[in-house]
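Enquirer: Pasting a structure below so you can have a look.
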Amino acid sequence: MITVRDLQTRPLDQVHRLIEPGPVILITTRHRGVPNVMTNGFNMMVRHEPALIGCTVGPWDHSYRALVETGECVISVPTAEMARTVVDIGNSSGADTDKFQEFGLTALAGEKVQAPLVGECYANIECRVADAGLVAAYHLFLLEPVRAWTDPSQPQPRLLHHRGDGTFSVDGEVIDLKYRMTKWQYLL
């Protein structure tokens with residue numbers, strides 16, 4: 001029988017490594033006509049209907065000002081095949097780099113927001129800031145999707161998940177338990 005003495009304590013500043021919030025995403029903005037893209041590993045679904053997504057973007061990010069001033073962005077979901085590019089995007093700043101040009105990304109025009117979609121990504125979600133009430137205290141933007149796109153040429157994408165220490169995991173085997181979701185059938 002396992003006891004608490006058999007467990008190992010962990011530093012509280014590393015708990016984010018224990019609860020992986022979701023796939024690594026790219027967030028695009030357009031500020032004063034200039035597009036930018038940033039890497040983001042702190043994001044989460046907040047609710048299903050209407051959909052609401054939470055993303056942490058702080059004043060240390062070049063995209064922060066664009067998001068605050070325009071109130072819109074695109075969440076682009078890269079695949080594991082883009083891992084090196086995703087990390088390199090995160091290691092550079094849009095203040096001095098045109099990241100779309102630097103990393104060979106295709107900026108596609110959305111329908112509902114001015115921020116560009118990333119053509120190479122599996123999914124793109126056009127969003128508007130629904131609530132900025134948590135931005136001052138936590139740098140947490142609540143985003144409302146207004147249009148969503150997927151690339152049909154990528155029917156089974158492998159998504160990239162940051163483990164908080166420079167390592168990543170990739171989606172693997174899919175376990176189908178839909179038949180057990182008796183309470184949540186309306187979500188299927």
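Enquirer: When Ala132 is evaluated against the numbered criteria (1) more than 27 Å from Arg84 (Cβ to Cβ); (2) within 15 Å of the chain's Cα centre (by Cα); (3) aliphatic (A, V, I, L, M), which criterion, by number, is the only one it fails?
Expert: It fails just one condition, (2).
Enquirer: For the range 162-188, which positions are open to solvent by 100 Å² or more (accessible area, probe 1.4 Å) and under 18 Å from the mean Cα position of the chain (by Cα)?
Expert: Arg163
Enquirer: Does Glu111 count as out of contact with any Ser or Thr (no Cβ under 9 Å at 6 or more places or on another chain), touching a residue at least 12 places away in the same chain (Cβ under 8 Å) and open to solvent by 100 Å² or more (accessible area, probe 1.4 Å)?
Expert: Yes, satisfied.
Enquirer: Any idea how many residues of the range 35-59 are in contact (Cβ under 8 Å) with a residue 24 or more places away in the chain and over 15 Å from the mean Cα position of the chain (by Cα)?
Expert: 4
Enquirer: Filtering the range 17-47 down to residues that are over 30 Å from Asp96 (Cα atoms) and not in a strand (DSSP E or B), which residue is most open to solvent (accessible area, probe 1.4 Å)?
Expert: Ile19
Enquirer: Separate question: Out of (1) exposed (fewer than 14 other Cβ atoms within 10 Å of the Cβ); (2) assigned to a helix (DSSP H, G or I), what's the single condition that is false for Phe100?
Expert: (1)
Enquirer: Working only within the range 48-91, note down all residues that are closer than 13 Å to Ile27 by Cα, open to solvent by 10 Å² or more (accessible area, probe 1.4 Å), out of contact with any Gly (no Cβ under 7 Å at 6 or more places or on another chain) and part of a loop (DSSP other than H, G, I, E, B).
Expert: Hits for the range 48-91 are Asp61, Gly71.
Enquirer: Here's a follow-up. Going through Leu159, Leu134 one at a time, which residue ends up being touching a Gly at 6+ places or on another chain (Cβ under 9 Å), open to solvent by 50 Å² or more (accessible area, probe 1.4 Å) and of a type in the set (A, V, I, L, M, F, W, C)?
Expert: Exactly one of Leu159, Leu134 is touching a Gly at 6+ places or on another chain (Cβ under 9 Å), open to solvent by 50 Å² or more (accessible area, probe 1.4 Å) and of a type in the set (A, V, I, L, M, F, W, C), namely Leu134.
The values are calculated or read from the model by the stated rules, or taken from the named source; none is laboratory data. Because the structure is a prediction, the values reported are computed rather than measured. FYI the Cβ positions are ideal-geometry reconstructions off the backbone, even for glycines, and counts take in every protein chain you see. All accessible areas refer to the heavy atoms of the entire protein, side chains included, with ligands and DNA or RNA removed. Shrake-Rupley method; radii C 1.70, N 1.55, O 1.52, S 1.80 Å.
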